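Chemist: I have a structure here, written as structure tokens, and I will follow up with some questions on it.
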Amino acid sequence: MRFGVVVFPGSNCDHDARHAVGNVLGQPAEFIWHQSEDLAGFDAVILPGGFSYGDYLRTGAIARFSPVMRAVERFARRGGLVLGICNGFQILLEAGLLPGAMLRNRGLRFVCRDVWIRVESADTPFTCAGQVGQVLRVPIAHSDGNYTAEPETLRDLERNRQIVFRYTTPEGRVEPAANPNGSMESIAGIVSRERNVLGMMPHPERAVEAMLGSTDGLVVFRSLVESLTRQARATA
């Protein structure tokens, strides 16, 4: 299997994502420059966190028009696995690959700290190595992580089990105090209806080694590896 990590001008978590997949899990991983439109040979694509194009206009608004996003859209439409982390999530929203939008954090301040998120669905390629109800400790670092959507969209997300992660207490309870940014329904991550595109605000790539304070982020990356392995076996 082969992972690609997109690099936009202003990305700052691209090396972290590549390290998580390539060095920690030992899978082939390489960078994809934002001007490339060739994703041939890749099995999964990661849009990393950072401040693409300096967050001018609004987060993800310019990166959405990078040449590589045309390829990412085609890749996703064909069923390719796409993971958007933080700024990557914001780009996926701007590109229309996931529903909803991001607003400024409820407190109008940049928030950088560990949070706890609960696995709401384990039947996706991004969570199949986890369990429903499992609570993960992962860091966040954003100013615009306040997920919002129309009431009908929220109902669809619930109905189709597209809400994959929610902010909770360490014990797994959904409470206002555990929501770091005011996100509707305490949403920390959602998946596309086809379940092959995931956007999440927390940074799993920053929680893959004990020295980082948590290895809980490995659930996401191990799930991708397991899913691709099963897919390869089925194809063979």
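No lab work stands behind these numbers, since they all come straight from the coordinates. These numbers come from a predicted model, not from an experiment. Methodologically, a virtual Cβ is constructed for each residue, glycine included, from the backbone with ideal geometry; neighbour enumeration extends over all protein chains shown.
Chemist: Could you please give the count of residues in region 117-149 that are part of a loop (DSSP other than H, G, I, E, B) and in contact (Cβ under 8 Å) with a residue 24 or more places away in the chain? Before the answer, list the steps.
Modeler: To start, the set of residues in region 117-149 that are part of a loop (DSSP other than H, G, I, E, B) comprises 120-134, 143-145, 149.
If we keep only those that are in contact (Cβ under 8 Å) with a residue 24 or more places away in the chain too, we end up with 120-121, 123-130, 133-134, 143-145, 149.
Residues meeting the conditions: 16.
Chemist: If you don't mind, there's one more thing I want to ask. Just give me the residues in region 150-169 being part of a loop (DSSP other than H, G, I, E, B) and farther than 30 Å from M211 by Cβ, in sequence order. Before you say what the answer is, go through the steps one by one.
Modeler: Our first condition is that a residue be part of a loop (DSSP other than H, G, I, E, B); within region 150-169, this holds for 150, 160-162, 169.
Once the filter is applied, which keeps residues that are part of a loop (DSSP other than H, G, I, E, B) and farther than 30 Å from M211 by Cβ, region 150-169 yields E150, N160, R161, Q162.
Chemist: On to the next question. If only one of G172, G182 is buried (at least 16 other Cβ atoms within 10 Å of the Cβ) and part of a loop (DSSP other than H, G, I, E, B), which one is it?
Modeler: Values: G172 fails: buried (at least 16 other Cβ atoms within 10 Å of the Cβ).
The conditions single out G182.
Chemist: Considering only region 208-236, state which residues are among the hydroxyl-bearing types (S, T, Y) and closer than 12 Å to D43 by Cα.
Modeler: S227, T229
Chemist: I'm checking my understanding of the structure. Among residues of region 206-220 that are in a loop (DSSP other than H, G, I, E, B) and of a type in the set (V, I, T), which one is surrounded by the most Cβ atoms within 10 Å (Cβ to Cβ)? Steps first, answer last, please.
Modeler: Of all residues in region 206-220, those in a loop (DSSP other than H, G, I, E, B) come to 207-208, 213, 215-217.
Now drop any that are not of a type in the set (V, I, T), which leaves 208, 215.
Values: V208: 27, T215: 15.
Looking at residues that are in a loop (DSSP other than H, G, I, E, B) and of a type in the set (V, I, T), I get V208.
Chemist: Which ones in region 155-184 are among the hydrophobic types (A, V, I, L, M, F, W, C) and over 16 Å from L198 (Cα atoms)?
Modeler: Quick first cut of region 155-184, residues among the hydrophobic types (A, V, I, L, M, F, W, C) only: 157, 163-165, 174, 177-178, 184.
Across region 155-184, the qualifying residues are V174, A177, A178, M184.
Chemist: Among the residues of region 195-205, which ones are within 12 Å of the chain's Cα centre (by Cα) and not in a strand (DSSP E or B)?
Modeler: The initial filter retains those residues of region 195-205 that are within 12 Å of the chain's Cα centre (by Cα), namely 196-205.
The answer is N196, M201, P202, H203, P204, E205.
Chemist: Next question, about the same structure. Can you tell me which residues in region 1-20 are surrounded by fewer than 21 Cβ atoms within 10 Å (Cβ to Cβ) and closer than 14 Å to G60 by Cβ?
Modeler: Matches in region 1-20: P9, G10.
Chemist: On to the next question. Please count how many residues of region 64-73 are over 16 Å from the mean Cα position of the chain (by Cα), outside any loop (DSSP other than H, G, I, E, B) and in contact (Cβ under 8 Å) with a residue 24 or more places away in the chain.
Modeler: Taking region 64-73 and keeping what is over 16 Å from the mean Cα position of the chain (by Cα), we get 65-68, 70-71.
If we keep only those that are outside any loop (DSSP other than H, G, I, E, B) too, we end up with 65, 67-68, 70-71.
Next cut, in contact (Cβ under 8 Å) with a residue 24 or more places away in the chain only: 67-68, 70-71.
Final tally of qualifying residues: 4.
Yes/no matrix, rows are residues, columns are (1) among the hydroxyl-bearing types (S, T, Y); (2) out of contact with any Pro (no Cβ under 8 Å at 6 or more places or on another chain); (3) over 18 Å from R166 (Cα atoms):
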{"residue": "D38", "(1), (2), (3)": "no, yes, yes"}
{"residue": "S52", "(1), (2), (3)": "yes, no, yes"}
{"residue": "Y56", "(1), (2), (3)": "yes, yes, yes"}
{"residue": "G60", "(1), (2), (3)": "no, yes, yes"}
{"residue": "R77", "(1), (2), (3)": "no, yes, yes"}
{"residue": "G84", "(1), (2), (3)": "no, yes, no"}
{"residue": "G96", "(1), (2), (3)": "no, yes, yes"}
{"residue": "V111", "(1), (2), (3)": "no, no, no"}
{"residue": "V135", "(1), (2), (3)": "no, no, no"}
